[in-house]
1. Just to be sure I understand the filter: pairs with C-beta atoms under 6 Å, separated by 6 or more residues or on different chains, first member in the range 19-33 and within 9 Å of A8 (Cβ to Cβ) and surrounded by 17 or more Cβ atoms within 10 Å (Cβ to Cβ), second member at pLDDT 95 or above and basic (K, R). Which pairs pass?
2. Please count how many residues of the range 153-198 are assigned to a loop (DSSP other than H, G, I, E, B), of a type in the set (A, V, I, L, M) and more than 11 Å from the ligand (Cβ to nearest atom).
3. If A8 satisfies every condition in (1) assigned to a helix (DSSP H, G or I); (2) under 17 Å from S131 (Cβ atoms); (3) within 14 Å of the ligand (Cβ to nearest atom) but one, which is the exception?
4. Could you grab the pairs with beta carbons closer than 6 Å, sequence gap of 6+ or different chains, first residue in the range 39-63 and modelled with pLDDT of 95 or more and within 16 Å of the ligand (Cβ to nearest atom), second one outside any loop (DSSP other than H, G, I, E, B) and among the acidic types (D, E)?
5. Can you tell me which residues in the range 48-68 are of a type outside the set (S, T, N, Q) and touching a helix residue (DSSP H, G or I) at 6+ places or on another chain (Cβ under 7 Å)?
6. From the list G205, G218, G126, pick out the single residue that is surrounded by fewer than 21 Cβ atoms within 10 Å (Cβ to Cβ), within 30 Å of Y67 (Cβ to Cβ) and over 13 Å from the mean Cα position of the chain (by Cα).
7. Among the residues of the range 41-96, write down those that are assigned to a loop (DSSP other than H, G, I, E, B), touching a Pro at 6+ places or on another chain (Cβ under 8 Å) and crowded, with 19+ Cβ neighbours inside 10 Å.
Amino acid sequence: MKFFIDTANLDQIKEAEALGILDGVTTNPSLMAKEGIKGADNILKHYVTICNMVSGPVSAEVISTDYNGMVEEGKKLAALHPNIVVKVPMIKDGIKAIKWFTDNGIKTNCTLVFSAGQALLAAKAGASMVSPFIGRIDDGNWDGVQLIEQIVRIYDTYGYQTEVLAASIRSSLHIVKCAEAGADIATCPLSSILGLFSHPLTDIGLEKFLADYKKNNG
Ligand code: E4P
């Protein structure tokens, strides 16, 4: 399973990239706002900065909600860097725009997906990736990981090439559950990635090995 980091924070991207296990980045307008990146030009520049920091795909979201607007915006985003993936919302015009991007060789990430039916539409339009928001589903007392399993099953049955990108990850356990469910990618906050390192027995074991080495070697 590929690991993406879900942030527009450059320090966090740098830290995740330095681990050597980062495969890409996802952003959204809320994450850009959180970092205080405002103004169309600054936002575009920020995407380029991120693309230059990592070697994998970087999702950049359109803010238009009409077909023509999304196509124009997406073309502009895609021209920024070869690693840009145009992130398009799961609405009727979004699906039409994804079909246009697919036909014109531009990679897409269909975002704000909360059901298998929506994921089916995204795959039929040829989306490169589909983003089910599992944390937000869990927040509503539904089972986000179950949705990942369902989408993976449907895509496998019909041989859709769309990658299942588990989004809205809230914990390290979510990452493991998404891996078990067969997600192709998980996009995660840095804290959830770092949480995967932790196990008290690792710490205790390492401490003992080092102590025994010291005792034996002075
Ligand atoms: C997906 O690409 C989104 O950026 C993200 O995962 C949303 O997560 P949230 O529910 O924590 O806002």
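The values are calculated or read from the model by the stated rules, or taken from the named source; none is laboratory data. Model, not experiment: these values are computed from the prediction. A quick note on method: Cβ atoms are made from the backbone with ideal geometry, for glycine too, and the neighbour counts reach across all protein chains shown.
1. none
2. Applying the first criterion (assigned to a loop (DSSP other than H, G, I, E, B)) to the range 153-198 yields 159-162, 168-171, 182-184, 189, 196-198.
From what is left, the residues that are of a type in the set (A, V, I, L, M) are 169, 183, 196.
Remaining after also requiring more than 11 Å from the ligand (Cβ to nearest atom): 183, 196.
Within the range 153-198, residues that are assigned to a loop (DSSP other than H, G, I, E, B), of a type in the set (A, V, I, L, M) and more than 11 Å from the ligand (Cβ to nearest atom) number 2.
3. Failing condition for A8: (1).
4. V54/E17; V62/E73
5. I50, M53, V54, V58, A60, E61, V62, I63, D66, Y67
6. Numbers: G205 fails: within 30 Å of Y67 (Cβ to Cβ); G218 fails: within 30 Å of Y67 (Cβ to Cβ).
None of the other options fit; the residue is G126.
7. Step one: list which residues in the range 41-96 are assigned to a loop (DSSP other than H, G, I, E, B), which gives 54-57, 62-66, 79-83, 90-91.
Now restrict to residues that are touching a Pro at 6+ places or on another chain (Cβ under 8 Å): 62-63, 65, 83.
Result: V62, N83.
For every residue, the table says whether it meets (1) of a type in the set (F, W, Y); (2) within 22 Å of V58 (Cβ to Cβ); (3) within 16 Å of the ligand (Cβ to nearest atom); (4) at pLDDT 95 or above.
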| position | (1), (2), (3), (4) |
| --- | --- |
| P89 | no, yes, yes, yes |
| G94 | no, yes, yes, yes |
| T102 | no, yes, no, yes |
| K107 | no, yes, yes, yes |
| A122 | no, yes, yes, yes |
| G126 | no, yes, no, yes |
| M129 | no, yes, yes, yes |
| I134 | no, yes, yes, yes |
| I137 | no, no, yes, yes |
